[in-house]
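Working notes, structure below.
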Amino acid sequence: MTDKIRIGISSCLLGEHVRYDGEHKQDHYLTDTLGKYVKWVPVCPEVEYGLPVPREPMRLVGDPIAPRIVTITTGIDHTDGILKWTR
């Protein structure tokens, strides 16, 4: 038997309640169809960085080459912290 290919995927697409609003965005095609052939490696950068669920929504702003990750209401910039988590 061949080992399944490991692929990183957003945890919310696998049905984990990690989105900013405490919900998920499970994609049954990914879990039920492709999941038979691959080993998903779930990741949620916001949660692993330490942000809570639920949390204030964020968006990318600024330079498209080097965007910033900023909360929509309070304007808190989480870019440096999330980039530090990736290293």
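The values are calculated or read from the model by the stated rules, or taken from the named source; none is laboratory data. From a predicted model like this one, the values you see are computed outputs, not experimental measurements. Cβ coordinates were reconstructed from backbone atoms using ideal geometry, including for glycine residues, and neighbour counts include every protein chain displayed.
Observations on the model:
- Filter pass, Pro52 being at pLDDT 95 or above and closer than 19 Å to Ile9 by Cα: no
- Residue check for Pro52: under 28 Å from Arg6 (Cα atoms), free of Cβ contacts under 8 Å to residues at least 24 places away in the same chain and not aliphatic (A, V, I, L, M): yes
- The set of residues in region 1-31 that are of a type in the set (A, V, I, L, M, F, W, C) and surrounded by 14 or more Cβ atoms within 10 Å (Cβ to Cβ) comprises Ile9, Cys12, Leu13, Leu14, Val18, Leu30.
- Residues of region 21-55 satisfying the condition of being assigned to a loop (DSSP other than H, G, I, E, B) and in contact with a strand residue (DSSP E or B) (Cβ under 7 Å, 6 or more places away or on another chain): Cys44
- Residue satisfying all of: in region 67-87; in contact with a helix residue (DSSP H, G or I) (Cβ under 9 Å, 6 or more places away or on another chain) and at pLDDT below 95; farthest from Arg19 (Cα to Cα) among these: Lys84
- Region 56-75, subset assigned to a loop (DSSP other than H, G, I, E, B) and of a type in the set (A, V, I, L, M), residue nearest to Leu14 (Cα to Cα): Ile72
- If the condition is being within 10 Å of the chain's Cα centre (by Cα), among the aliphatic types (A, V, I, L, M) and assigned to a strand (DSSP E or B), then region 4-20 contributes only Ile9.
- Count - residues of region 65-75 that are surrounded by 13 or more Cβ atoms within 10 Å (Cβ to Cβ) and among the β-branched types (Val, Ile, Thr): 3
- For region 32-64, the candidate set comprises residues that are farther than 19 Å from Lys84 by Cα and touching a Gly at 6+ places or on another chain (Cβ under 7 Å); within that set, the residue that is surrounded by the fewest Cβ atoms within 10 Å (Cβ to Cβ) is Val41.
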